[in-house]
Amino acid sequence: MNSFSSHTGIKKFIPWIILLFLVLLFDIVKVLPRTNEWFSVKKEINAISQSIEERKSNQDEAKKGLDTLKMRFENEAKNYILEESQIFPEHFDAYEVSKILEIFSIQHSLLSVDSGLRLERISFSGGGKGKTEDGFLQSKVNLEFLCTEDTLKRVIKYLQSGELPDNYKDNPSLDARDIDYLRSHKLPLAHIESIRINQASSDTPFKKVSLDVSFFSQQ
């Protein structure tokens, strides 16, 4: 009797066990794809996060490299930038141009007994002329020298190129401080408009030279 009752009790739970099994199976079938999908998404997120970190690291390295290149460029280009600001200055500086030409003429006269160069007069004809849209202004200057023809060629070359003659370099006859000044202070871009040459006197090789020169600046 007890065995029958026990067997009967078990049989009552079989449908519930089957139902529970089916529910669990249904949940497994339903949840498993989502679980796989979740793992796949998590793996993808981890990969993206790692990629972002790598890109961020590469970006930081690239920024450091760029900063290094910028510093290197600025260090190497500073002399060129300085020279550019002198040969095409923002404003025309009449005082500095006068000083450069005076030092140049004095030092030239020290080269030899035949290299006399005397700057007798500098005159500036008003402010700069030019149109804003042209991007530059023209300042006209009249220069009067006493010099020989060979010296005049050097003066013209210096005005046009801004480069000192070779015999100015490391010459013990010249003032080192003045030469350093000429090296570090460039004339603005110049164009010689006209040259007038007259004999100073019959008993001297010197000529009286008048140059009309236009110097250029940004404004």
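Every number here is computed from the coordinates shown, using simple stated rules; none is lab data. The structure displayed is predicted, hence computed values, not measured ones. Neighbour counts are summed over all protein chains in view; Cβ atoms, including those assigned to glycine, are modelled from backbone coordinates with ideal geometry.
What FRET efficiency comes out for the pair residue 70/residue 136, r = Cβ-Cβ distance, R0 = 25 Å, nearest 0.05? After rounding, the FRET efficiency stands at 0.30. What is the distance in Å between the Cα centres of region 100-124 and region 173-219? Using only Cα atoms to place each centre, the spacing works out to 8 Å.
Beyond 19 Å in Cα-Cα separation lie the following of the pairs 153/208; 140/207; 186/208; 99/186: 140/207; 186/208.
Dipole magnitude for region 137-182: computed about the Cα centre from +1 point charges on Lys and Arg Cβ and -1 point charges on Asp and Glu Cβ, it is near 200 debye.
Looking at region 97-219, the pairs of alpha carbons with a distance over 17 Å make up 58% of the total. Could you give the dipole magnitude of region 110-219 about its Cα centre, charging the beta-carbon of Lys and Arg +1 and that of Asp and Glu -1, in debye to the nearest 20? Charge dipole, region 110-219, about its Cα centre: 260 debye, nearest 20.
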